[in-house]
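In what follows, a structure is listed as structure tokens, so that the remarks can point back to it.
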Amino acid sequence: MGEPAQDDRVSAELVAVITAVHDGVPLVLTTRDGRRLPSGPLQSGHRSMQAGLRSWVVRQTGYELGYVEQLYTFADRDRGMSPVLEVSYLGLTTVPHVIEGWRNWFEYFPWEDRRDGDAVVTENLAPALERWATADGPQFRERRRLRCAVTFGLDGHPWLPGMALQRYELLYEAALVPEAPGGPGEAGGRPMDRDHRRILATAIGRLRAKIQYRPVVFELLPPAFTLGRLQGTVEAIAGQHVHKQNFRRLVEQQELVEETGEVDHSTGGRPARLFRFRREVTDERDVAGTKLPVPRPN
């Protein structure tokens with residue numbers, strides 16, 4: 001008799017990356033003391049994957065999802081885990097105040113926040129990446145150095161905000177994050193279970209890219225907001241500052257917002273005008289979104 005057939009079925013796990021911005025801080029909703037994203041297996045009672053995702057999020061966090069889009073499907077078998085098909089989703093929302101479960105993005109990826117400079121990369125990561133690039137002989141050295149420079153904006157290359165996943169993957173390959181087997185994990189950042197930090201990096205890269213061509217940033221704002229809050233939200237997502245006058249001129253040229261006729265008195269100075277997003281923009285063919293300035297090489 002032959003060998004019994006091996007059960008090679010792969011289970012499906014639904015994973016939610018739910019993002020908000022509060023007081024200039026980009027947040028993600030987590031479980032297990034910040035070590036996991038809301039998630040759970042696809043079950044026969046779920047009428048769809050998105051319905052299953054919403055059910056798990058409510059069960060684990062009590063949070064009702066609003067805007068959701070499918071992010072990516074992971075099916076890797078080579079990270080020391082049992083085979084699981086992870087179907088991830090990105091959700092955008094607003095939060096009036098931060099409660100348990102919401103965590104700062106940059107706790108997990110400190111190198112992605114460049115609003116106060118690039119010291120995390122130049123003083124910490126660059127030397128560690130150089131050691132990795134030169135560890136296995138000259139045949140790997142130049143290619144690895146170039147990859148590090150392009151990915152992390154070194155040696156005159158521009159920092160590209162949308163490459164959050166590529167940066168995390170390079171640090172994983174170099175064994176510089178705690179999740180990577182056999183390495184010192186000296187890059188820092190809060191670790192997560194399974195590959196949830198990798199999924200979060202994917203969401204950050206997707207959102208940073210998407211706000212450049214679609215006005216999804218307004219899903220992270222209340223119905224009425226100041227232009228200062230709009231700019232601060234974009235900067236929090238991008239992890240970098242934008243030029244105030246250029247940003248406001250771009251928003252005005254694209255006719256993304258309109259005045260409400262009211263003002264905000266809580267700014268501490270002269271009352272700031274309140275605006276709202278023109279929802280009809282989403283139906284206009286030529287909308288370009290809230291573009292971010294491309295950083296210039298140093």
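The values are calculated or read from the model by the stated rules, or taken from the named source; none is laboratory data. What you see is a predicted model, and the numbers here were worked out from it, not measured in a lab. Virtual Cβ from ideal backbone geometry, glycine too; neighbours counted across all protein chains shown. Heavy atoms of the whole protein, side chains included, go into the accessibility calculation; ligands, DNA and RNA do not. Shrake-Rupley method; radii C 1.70, N 1.55, O 1.52, S 1.80 Å.
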How would 22, 265, 97 line up by accessible area, probe 1.4 Å, largest first?
265, 97, 22
Per residue, how big is the convex hull around the C-alpha atoms of segment 69-213? Give it to me in cubic angstrom, could you?
143 Å³
Pair-distance profile P(r), taking every C-alpha pair of the chain, with 10 angstrom steps and integer %
6, 25, 30, 24, 11, 3, 1, 0, 0
In the chain, what percent of the accessible surface is made up of carbon and sulfur (1.4 Å probe, ligands and nucleic acids excluded)?
48 percent
Within the chain, what percent of beta bridges assigned by DSSP are antiparallel, to the nearest 5?
75 percent
The long-range amide H neighbours of residue 192, using H built 1.01 Å from N in the peptide plane and a cut-off of under 5 Å, are 197
Evaluate the relative contact order of segment 148-241 (contact order divided by residue number), counting alpha-carbon pairs under 8 angstrom at least 6 apart; express in whole percent.
21 percent
Ignoring everything except DSSP H segments at least 4 long, calculate the 222 nm mean residue ellipticity for the chain; use -39,500 (n - 2.57) per segment, divide by total residues, nearest 500.
-9000 deg cm²/dmol
Ordered by number, the GluC sites (Glu not before Pro) in segment 83-179 that occupy a DSSP loop and have at most 12 other Cβ atoms within 10 Å are 100
log10 I(q)/I(0) for segment 96-171, Debye formula on C-alpha points only (no solvent), q = 0.13, 0.16 Å⁻¹, two decimals, reads -0.45, -0.62
Only Lys, Arg, Asp and Glu count, each charged at its Cβ (+1, +1, -1, -1), so figure out the dipole size of the chain about its Cα centre, rounded to 20 debye.
360 debye
Phi-based couplings in Hz for segment 143-148 (Karplus 6.51, -1.76, 1.60; Gly and Pro marked x):
5, 5, 4, 5, 4, 5
Scoring the chain by relative contact order with C-alpha pairs under 8 Å, at least six apart, yields a percentage of 17 percent
Intensity falloff of segment 164-235 expressed as log10 I(q)/I(0), Debye formula with alpha-carbon point scatterers, at q = 0.13, 0.15, 0.18 Å⁻¹
-0.52, -0.63, -0.75
